[in-house]
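What follows is a set of notes on a single structure, which appears directly below.
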Amino acid sequence: MDSCSFANVANTDMATARRKSRPEVQPPKGFRITRDLPVGRHPLLAAFPGLDQLPPAARLQPDPVARAKLFDETCVQVVDQDLWMYVAPWDMPPGARREWRPVISPGSDCIVIGKAHLAESPAIVLFMDIYHELCHVVQRHGGANLWPPGMSYVQRWTEVEAYRFVVEEARRLGVSDEFLREYLRVEWISDDEHRELLQRLEVALP
């Protein structure tokens with residue numbers, strides 16, 4: 001899950017509740033998390049060992065050569081900030097809000113992860129989040145602009161596609177619509193946008 005559209009949201013009650021929730025479904029067998037990974041930059045597979053061997057990896061990138069390159073060359077950067085995850089931009093996106101100070105990673109693919117998120121969030125949430133961000137890495141490789149100016153977060157095709165991928169993976173595991181509604185209720189969208197996102201992803205409204 002992206003940390004937000006253009007600005008990190010920190011220290012919210014929603015953030016704390018999301019980390020402390022206890023979903024009824026676990027991620028697939030073989031999904032591992034190095035929860036004590038220190039602040040700094042690391043290979044993706046140091047944070048999530050074996051992630052490239054799980055079935056969603058092949059569904060995300062069917063070509064084995066491209067898949068190996070994706071998982072070998074993408075890194076993670078753990079930061080001591082209260083945020084979820086986002087793909088580090090190669091340079092500062094035009095139109096970004098002044099308060100957003102992302103990690104910039106010119107020419108390399110890096111997924112930024114909040115230290116508390118990695119250490120405390122339920123495994124199913126981290127499973128969905130990391131594959132969501134990997135969707136964005138693949139999209140960017142294909143030429144997509146992940147931060148198009150002047151477009152609502154829930155109307156960006158890149159976000160809809162990435163959320164659809166992880167919603168489908170979660171449904172394979174038996175995750176309920178109730179859980180999906182909460183997962184998709186992120187701090188930087190309004191109630192109306194949340195409802196629109198649910199409809200776009202065919203998740204039942206409450």
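Any residue at all in the stretch 146-169 that's within 16 Å of the chain's Cα centre (by Cα), free of Cβ contacts under 8 Å to residues at least 24 places away in the same chain, under 27 Å from residue 79 (Cα atoms) and outside any helix (DSSP H, G or I)? Yes - at least one qualifying residue is present in the stretch 146-169. Of all the residues in the stretch 117-145, those that are over 15 Å from the mean Cα position of the chain (by Cα) and assigned to a loop (DSSP other than H, G, I, E, B) number 4.
Among the residues of the stretch 35-72, those identified as surrounded by 13 or more Cβ atoms within 10 Å (Cβ to Cβ), free of Cβ contacts under 8 Å to residues at least 60 places away in the same chain and not aliphatic (A, V, I, L, M) are 42, 43, 49, 52, 67, 69, 71.
For the stretch 119-176, taking the residues that are out of contact with any Gly (no Cβ under 8 Å at 6 or more places or on another chain) and aromatic (Phe, Trp, Tyr), the one that is farthest from residue 104 (Cα to Cα) is identified as 165. The single condition from (1) of a type in the set (Asp, Glu); (2) more than 24 Å from residue 110 (Cα to Cα); (3) not in a helix (DSSP H, G or I) that residue 193 fails is (3). Do the conditions hold for residue 93, that is, is it surrounded by 13 or more Cβ atoms within 10 Å (Cβ to Cβ) and farther than 26 Å from residue 176 by Cα? Yes; evaluated as a whole, the condition is true for this residue.
Just so you know, all these numbers are worked out from the coordinates, no wet-lab data involved. Only a predicted model underlies this, so the values are computations on that prediction, with no experimental measurement involved. Here Cβ is always computed from backbone atoms with ideal geometry, including for glycine, and neighbour counts include all displayed protein chains.
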